[in-house]
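**Q** I'd like to ask you about the structure that follows.
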Amino acid sequence: MLKKTEKVKRDLQEEIRAVTTLKDAEQLKIKYLGRKGIIQDFMKLIPALPAEQRAEFGQQINALKAEAANFIEEAIGKLSREAIPKVNNEIFDITLPGKLPLTGKKHPLTQTIDDVKEVFARLGFDVVYGPEVELEYYNFEALNIPADHPSRTDFDTFYIKNDILLRSQTSTVQIRVMEKQKPPIRIIAPGKVYRPDTVDARHSFMFHQVEGLLVDEGVSFADLKEVLNQFIKTYFGKDVRMRFRPSFFPFTEPSAEVDISCSLCSGKGCSVCSYSGWVEILGAGMVDPHVFKAVHYDTEKYTGFAFGMGVERITMLKHGISDIRLFYENDIRFLSQF
């Protein structure tokens, strides 16, 4: 055993002489003095030795451990002292660009909602919110959607109980606001909505909408057109054109679907706009008198308009995104572009 410990001591001294960096010295310390190091392996041999040899061998191992620690700590101290002048003499080029730390950003959909809120705030609209778990009454009946309407089936709505569901539209907030407040009303209501759609490049079972409502005396379709025109010019750009197409929604009369000239091809025609030069961005119309009756408004005194737009859709159009699923995959390579 004595020969073995002497050999370890010689090996250690040779290795210390060959060490040139602080990192190598630290590795040497682990090799000899670590919990799984060479000296610890010697300690494990003690219980197997004859009783009369254990004390002597233990003393040899302790002496070897103390010498090894002194050798290694001395080498570490020497290399540390040598490293300090190198750092002090190192030349830093202060003209080199710095490295920016990674910082978090708002999700692109949140950015769009913030942009929409800002535009409508300038037009005097307040922002309100409503529950995502909603009563069937607010999602359908109060909005003049009849009991036999296809949208009320299990295929188009997530029902939780018989009369409780996940809202399929943010129009529900209209009713809740009008129940509590008399005209004039000028609000937008952003939020999540849910529909049992098959997920593909253009559909998701959960997406975001922004609902708009303005009610007062003498409100006309011309007011609706001007408000939407102001929004579209501000959000998409002054050169984007807008058009209305006749449509039908149970809660508005007359109703319209609103298209804008394709912002990707400037109306020349591309795959996004199906080579028509136009893309639909929202539905709108004058509030149906039956909706006003549900909230006990005087239909002879008040008129109003409402509109609803998909947040994902206008974000995709503005930034040229072709697949809605990209918004929900949390891929930092995609999200960091916004």
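The values are calculated or read from the model by the stated rules, or taken from the named source; none is laboratory data. Since this is a predicted model, take the numbers as computed values, not measurements. Counting neighbours? That spans all protein chains shown, and the Cβs are built from the backbone with ideal geometry, glycine included. All accessible areas refer to the heavy atoms of the entire protein, side chains included, with ligands and DNA or RNA removed. Shrake-Rupley method; radii C 1.70, N 1.55, O 1.52, S 1.80 Å.
**Q** With a 1.4 Å probe and every protein chain kept in, tell me what percent of the accessible surface of the stretch 106-246 is carbon plus sulfur. Intermediate results must be reported in sequence, preceding the final value.
**A** Numbers: 3710 of 7210 Å².
Accessible surface attributable to carbon and sulfur in the stretch 106-246 totals 51 percent.
**Q** Suppose the chain between Ala147 and Lys301 were pulled fully straight at 0.36 nm per residue; how much longer would it get relative to their current alpha carbon spacing?
**A** Full-extension gain reported as 52.6 nm.
**Q** With +1 assigned to the C-beta of every Lys and Arg and -1 to the C-beta of every Asp and Glu, and no other charges, what is the dipole magnitude of the chain about the Cα centre in debye, to the nearest 20?
**A** The dipole of the chain has a size of about 1620 debye.
**Q** Please work out whether the stretch 273-338 counts as rounded, prolate or oblate from its C-alpha gyration tensor, where a ≥ b ≥ c are the square roots of the eigenvalues and a/c under 1.5 means rounded, while otherwise a/b larger than b/c means prolate and anything else oblate?
**A** prolate
**Q** Please report, in whole Å, how far the alpha carbons of the stretch 1-54 spread along each principal axis, starting with the longest.
**A** 43, 22, 8
**Q** Sticking with this structure for a sec: Any idea what the alpha-carbon Rg over 2.2 N^0.38 Å comes to for the stretch 66-187?
**A** 2.39
**Q** Okay, moving on. How much area per residue is accessible in the stretch 5-47 when the probe is 1.4 Å and only protein heavy atoms are counted (Å²)?
**A** Value for the stretch 5-47: 70 Å² per residue.
**Q** Can you list the aspartates and glutamates whose alpha carbon sits under 14 Å from that of Lys105, skipping same-chain ones fewer than 8 residues off?
**A** Hits, sequence-local ones excluded: Asp114, Asp331.
**Q** Put +1 on the Cβ of each Lys and Arg and -1 on the Cβ of each Asp and Glu in the stretch 121-277; which of Leu214, Ile145, Val240 then has its Cα farthest toward the positive end of the dipole?
**A** My answer, from the dipole projection, is Val240.
**Q** Pop out the Kirkwood hydrodynamic radius of the stretch 203-309 from its pairwise C-alpha distances, inverse of mean 1/r, in Å to one decimal.
**A** Result for the stretch 203-309, one decimal place: 15.0 Å.
**Q** Give me the one-decimal nm value for the distance between modelled label points at Lys3 and Ile164, 7 Å along each residue's Cα-to-Cβ direction.
**A** 8.5
**Q** Using a probe radius of 1.4 Å on heavy atoms only, what accessible surface per residue do you get for the stretch 132-257? Whole Å² is fine.
**A** Values: 6380 Å² over 126 residues.
Computed with neighbouring chains in place, this is 51 Å² per residue.
**Q** Lys/Arg Cβ at +1, Asp/Glu Cβ at -1, dipole of the stretch 1-43 taken about the Cα centre: which of Thr20, Val8, Ile30 is farthest positive-ward?
**A** The one lying farthest along the dipole's positive direction is Val8.
**Q** Also, I was wondering about something else. List the chymotrypsin sites (Phe, Trp or Tyr not before Pro) in the stretch 1-106 that DSSP assigns to loop (not H, G, I, E or B) and whose Cβ has at most 16 other Cβ atoms within 10 Å. Which are they? Let's see the in-between values first.
**A** Working: sites: Tyr32, Phe42, Phe57, Phe71, Phe92; in loops: Phe92.
Filter output for the stretch 1-106: Phe92.
**Q** What is the log10 of I(q)/I(0) for the chain, computed with the Debye formula using one identical point scatterer on each Cα and no solvent, at q = 0.10, 0.14 Å⁻¹?
**A** So the normalised log intensities are -0.67, -1.15.
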